[in-house]
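Here is the structure we will look at, set down as structure tokens.
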Amino acid sequence: MLNLFCLKKANYLIVIGLLILSTKVSVAQNFYWVAFTDKNNTEFSLSHPEEYLSQRAIQRRIKQNIAIDSLDLPVNEQYIRQVLQLDAKFVHASKWLNGLTVKTVSDSFPNLVMQLPFIKNIQLTKPDVMDKSTFNKFAVTAKSNANQREIDSSFYGNSYNQVAQLNGQYLHGKQYFGQGVQIAVLDAGFLHVDNFSTFDSLRAENRILGTKDFVNPQSDFFSTHYHGMSVLSCMAGYIPGILVGTAPKASYWLLRSEDADSEYIIEEDNWVVAAEYADSAGADIINSSLSYSTYEDESTSHTYEDMDGNTTRVSIGAGVAASRGMLVFVSVGNEGADKWKYIAAPSDADDVLGIGAVTATGEPAYFTSYGPAFDGDVKPNASAMGWNTFLQKKDGSLNSGNGTSFSSPLLAGMVACLWQANPHASAIEIKLAIEQSSSLYPLADSLIGYGIPDMEL
């Protein structure tokens with residue numbers, strides 16, 4: 001895997017290397033988020049961003065006139081050292097949120113860490129539990145196939161509807177398949193991406209740029225959960241005549257931030273550091289078919305009032321990701337028919353594209369979560385086909401799946417082709433083009449937002 005985080009300061013490399021080596025698998029422990037007050041006395045500077053950002057990440061900022069600022073600076077390593085001296089082990093650090101996640105068996109850790117002068121706050125993000133969650137995070141059952149159209153195509157096969165609904169064949173017909181665009185996929189796992197034939201061309205052409213597991217760095221990466229694999233197939237899948245993804249020639253970073261076996265707020269912090277990694281590596285687009293609202297530890301659960309784009313850590317992080325010049329696509333959630341009902345973080349973030357789900361005929365899928373954001377912002381921003389989406393299944397078959405998990409990557413991949421066709425456009429310009437070309441614009445509703453974008457328009 002290409003390592004784009006080769007920092008030039010050797011002592012920082014040594015420190016981080018030691019921290020990572022200290023994260024050995026052991027007995028269950030409590031996980032904490034520890035926030036810092038500042039980045040004072042950091043040895044990094046804004047004048048030398050090459051020490052903590054790849055050249056591609058720097059060029060993205062230059063191209064879009066985005067200044068490198070203090071959010072880009074790594075967390076103060078001396079602060080990290082002092083926290084770890086309190087019988088804690090390093091998990092990961094977030095420069096955008098200015099803090100770190102640690103694990104510890106020490107009951108006194110919370111009180112001790114709060115005595116340090118640079119600590120802003122601390123939160124238990126995952127308790128000492130070993131049992132697997134009873135949460136069913138990803139399953140959505142279709143109620144009817146009545147809205148599915150049967151349209152044959154010698155090239156797209158059963159994926160024709162999901163591409164044609166976005167008028168994506170217009171871009172593909174001009175040979176825009178996402179070449180040269182980098183997409184980071186933040187998800188729960190990428191089972192069998194290393195051997196399913198759906199991804200043969202992706203592997204043969206070395207367009208998997210790298211993998212990283214922020215949940216369990218010691219995992220067998222391609223033996224983890226299937227969800228991200230199915231999501232990836234909506235974009236990167238390529239078996240002409242059967243399945244053609246929306247960006248089958250783009251390049252991909254595969255990043256695991258979601259623990260499918262539990263539901264705790266630590267996953268928000270995993271998400272943010274994965275987004276930081278994607279930014280630093282130079283990704284152009286993030287797709288994340290993940291959403292956060294309620295947790296097994298109810299004291300950390302959110303309310304609809306928190307869905308204002310600026311309250312949850314994951315939404316704050318997603319907003320920062322968008323401010324770095326990336327396009328961020330996020331599923332709004334599958335809670336429309338459930339108790340929660342509303343969109344979930346981080347789709348509520350202001351400059352993030354929250355994506356809803358529709359049927360093949362453009363009707364809202366019964367499960368797609370309701371907007372708007374609590375502060376009144378239009379959410380979803382747009383919608384794509386998330387009902388009977390044709391994709392790669394975990395058992396090796398190609399079949400349909402349901403959920404905003406699949407509408408988001410469909411549109412993210414299609415927009416990779418759009419950005420390839422308009423390489424001088426900024427992320428903000430592309431986002432506006434998506435919204436303004438949508439079927440309901442300038443109107444919007446609470447289920448599909450501005451509607452379904454038209455790639456030709």
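A few remarks follow.
- Each residue of the stretch 48-55 was assigned a 3J(HN,Hα) from its phi angle through the Karplus curve 6.51 cos²θ - 1.76 cosθ + 1.60 (θ = phi - 60°); the sequence is 10, x, 5, 7, 9, 10, 5, 4 Hz, with glycine and proline shown as x.
- Normalised by 2.2 N^0.38 Å, where N counts its residues, the alpha-carbon radius of gyration of the stretch 21-100 equals 1.30.
- When the stretch 180-263 is reduced to its Cα atoms, the Kirkwood hydrodynamic radius in Å: 12.7 Å
- If R0 equals 45 Å, the separation of the Cβ atoms of residue 120 and residue 222 corresponds to a calculated FRET efficiency of about 0.75.
- Relative contact order %, the stretch 333-378, counting alpha carbon pairs below 8 Å whose residues are six or more apart: 46 percent
- Spin-label zone in the stretch 74-115 - amide nitrogen under 15 Å from a point set 7 Å from the Cα of residue 35 along the C-beta vector: 94-101, 114
- Electrostatic tally near residue 268: other residues with Cβ closer than 12 Å to its Cβ, Lys and Arg +1, Asp and Glu -1, net -4.
- Under Karplus coefficients 6.51, -1.76 and 1.60, residue-wise ³J(HN,Hα) of the stretch 355-367 in Hz, glycine/proline x: 10, x, 10, 10, 7, 5, 9, x, 7, x, 5, 4, 8
- Computed from backbone phi, the HN-Hα couplings of the stretch 304-320 come to 4, 4, 6, 8, 10, x, 9, 10, 6, 4, 5, 6, 4, x, 5, x, 5 Hz, rounded to whole numbers (Karplus: 6.51 cos²θ - 1.76 cosθ + 1.60, θ = phi - 60°; Gly and Pro given as x).
- A cut-off of 5 Å between modelled amide H atoms, ignoring neighbours fewer than 5 places along the same chain, links residue 210 with 254.
- Built amide H within the under 5 Å cut-off of residue 94, gap 5+: 99, 100, 101
- For the stretch 254-338: accessible area per residue (Å², 1.4 Å): 21 Å²
- Entry note, the chain: relative contact order of 17 percent, from Cα contacts under 8 Å with a spacing of 6+ residues.
- Distance (nanometres) between label positions extended 7 Å along Cα→Cβ at residue 205 and residue 58: 2.9 nm
- The distance linking the stretch 260-311 with the stretch 51-117 is 17 Å (Cα centroid to Cα centroid, whole angstrom).
- Spin-label model, residue 393 to residue 432: label points 7 Å out along the Cα-to-beta-carbon direction sit 4.4 nm apart.
- Across the stretch 350-457, C-alpha contacts under 8 Å between residues 6 or more apart give a mean separation that, scaled by the residue count, equals a relative contact order of 32 percent.
- Close amide-amide hydrogen proximity is noted between residue 219 and no other residue 5 or more places distant or on a separate chain, at a cut-off under 5 Å (H modeled in the peptide plane; Pro and chain starts excluded).
- Solvent-accessible surface ranking, highest first, for 366, 450, 52 at 1.4 angstrom: 366, 450, 52
The values are calculated or read from the model by the stated rules, or taken from the named source; none is laboratory data. Not measured: the values here are computed from a predicted model. Cβ sites come from the backbone with ideal geometry, for glycine too, and all protein chains shown count toward neighbours. In case anyone asks, the SASA skips ligands and DNA or RNA and just uses the protein heavy atoms, side chains included. Shrake-Rupley method; radii C 1.70, N 1.55, O 1.52, S 1.80 Å.
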